[in-house]
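Reviewing the structure listed below.
The values are calculated or read from the model by the stated rules, or taken from the named source; none is laboratory data. Everything numeric here is computed off the predicted structure, so don't read it as measured data. Cβ placement follows ideal geometry from the backbone for every residue including glycine, while neighbour counts extend to all protein chains displayed. Surface areas here come from the heavy atoms of the whole protein model, side chains and all, with no ligands, DNA or RNA. Shrake-Rupley method; radii C 1.70, N 1.55, O 1.52, S 1.80 Å.
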Amino acid sequence: MAMSDQGQSERVEQLIGALRDDNEALRDHAIASLSQLGEEAIEPLIGLMADEDVLIREAATIGIVRMGPSVVDRLIEAMDDDEWAIREQAASGLGKLKDPRGVDALVKALKDKDGAVRTAAVWALERIGDSRAVPGLVQALTDGTVREDVARVLKKIGDARAVDALIEGLLGNNWMVRRHAAEALGKIGDARGIEPLIESLRDEDWLVRRNAAESLARLGAKQAIDPLLPLLEDENTMVQETVEGVLASLGWKQTAQ
């Protein structure tokens with residue numbers, strides 16, 4: 001039995017060594033073989049998540065993810081590791097597995113001291129798409145490193161608890177956040193978004209204007225008809241075309257000159 005264990009350990013070491021080979025096919029084979037070894041390979045692969053070579057870190061994560069849902073608990077543990085790279089890759093792994101068990105650890109990671117970890121956590125929460133993450137994501141909208149990604153995720157999840165924060169983002173100074181917020185408020189469908197969206201029809205960014213118009217149509221906001229009319233002559237033709245459709249959907253009919 002001892003000989004078998006020793007042989008298994010040597011096999012793991014050989015495969016890990018192959019991850020550093022220049023031959024891509026050999027590296028892929030090593031990843032696949034390590035994932036099939038299961039528990040024996042988990043700890044060595046977790047260790048490789050801190051490797052100085054990002055390709056090795058990512059290969060280690062892929063190997064673990066291929067083991068399936070059984071590794072979720074170990075990845076959650078790794079979210080508390082001292083090494084930022086291990087925390088980052090663990091977050092990435094949880095996102096790839098799309099397992100809801102990882103949500104709490106990923107929400108906690110939104111406050112990680114390392115920006116790369118926070119970014120990976122937001123990406124993972126987007127993949128999982130669980131509304132339990134909304135309060136933590138709302139708080140993260142104030143984080144300059146990830147706020148654009150956070151706005152996109154809140155748009156995707158579409159939870160009314162994010163409305164107040166999205167309105168604040170819509171009226172803020174980050175154009176990418178404003179774009180996502182303008183779209184998200186229409187998707188969520190909460191009437192609190194109507195007045196801020198009307199205000200955003202005058203935004204300097206054309207896509208904010210267009211998204212705001214589309215969201216007002218989704219909200220059935222007939223009070224937006226008059227504020228929408230100037231956009232029929234917007235400098236951007238895509239805005240013009242969108243507003244024509246929006247006005248029609250709201251029941252406006254152009255009168256003959």
Which aspartates and glutamates have a Cα less than 13 Å from the Cα of Lys96, not counting those fewer than 8 places away in the same chain? Glu58, Glu88, Glu126
What is the distance, in nm, between label points placed 7 Å from the Cα along the Cα-to-Cβ direction at Asp73 and at Glu43? 1.6
To the nearest 20 debye, the range 1-133 has a Cα-centred charge dipole, built from +1 on Lys and Arg Cβ and -1 on Asp and Glu Cβ, of 660
Computed ³J(HN,Hα) along the range 46-53: with the Karplus parameters 6.51/-1.76/1.60, θ = phi - 60°, integer Hz and x for glycine or proline, the list is 4, x, 5, 5, 9, 4, 5, 8
May I ask you to compute the full-extension gain from Ser9 to Lys113, defined as 0.36 nm times their residue separation minus their alpha-carbon distance, rounded to one decimal in nm? 33.9 nm
Leaving out ligands, DNA and RNA but keeping every protein chain, what accessible area does Glu199 have, in Å² rounded to the nearest 10, with a 1.4 Å probe? 90
Gaussian network model of the chain, Cα springs within a sub-10 Å range: biggest mean-square fluctuation belongs to which of Asp190, Asp159, Asp22? Asp22
Of all GluC sites (Glu not before Pro) in the range 35-92, the ones in DSSP coil with at most 16 other Cβ atoms within 10 Å are Glu52, Glu83
Once a ≥ b ≥ c are taken as the square roots of the eigenvalues of the Cα gyration tensor of the range 140-200, is the result rounded (a/c under 1.5), prolate (a/b larger than b/c) or oblate (a/b not larger than b/c)? oblate
Treat every Asp and Glu Cβ in the chain as -1 and every Lys and Arg Cβ as +1, leave all other atoms uncharged, and give the resulting dipole magnitude about the Cα centre to the nearest 20 debye. 1140
Multiply the residue gap between Ala248 and Arg20 by 0.36 nm, knock off their C-alpha separation, and tell me the result in nm, one decimal place. 76.0 nm
Not counting ligands, DNA or RNA, and with a 1.4 Å probe, what is Trp123's accessible surface area in Å² rounded to the nearest 10? 90
Which entries in the list Lys111/Lys187; Lys156/Lys253; Lys108/Lys156; Lys155/Lys222 go over 29 Å, if you measure between the two C-alpha atoms of each? Lys156/Lys253
Using the Karplus equation 6.51 cos²θ - 1.76 cosθ + 1.60 (θ = phi - 60°), what ³J(HN,Hα) coupling, rounded to whole Hz, does each residue of the range 186-197 give in order, writing x for Gly and Pro? x, 5, 5, x, 9, 4, 4, x, 4, 4, x, 5
Put Lys155, Lys222, Lys187 in order of accessible area, largest first, 1.4 Å probe: what do you get? Lys222, Lys187, Lys155
Full extension from Asp53 to Trp175: what is 0.36 nm times the residue separation minus their Cα-Cα distance, to one decimal in nm? 40.5 nm
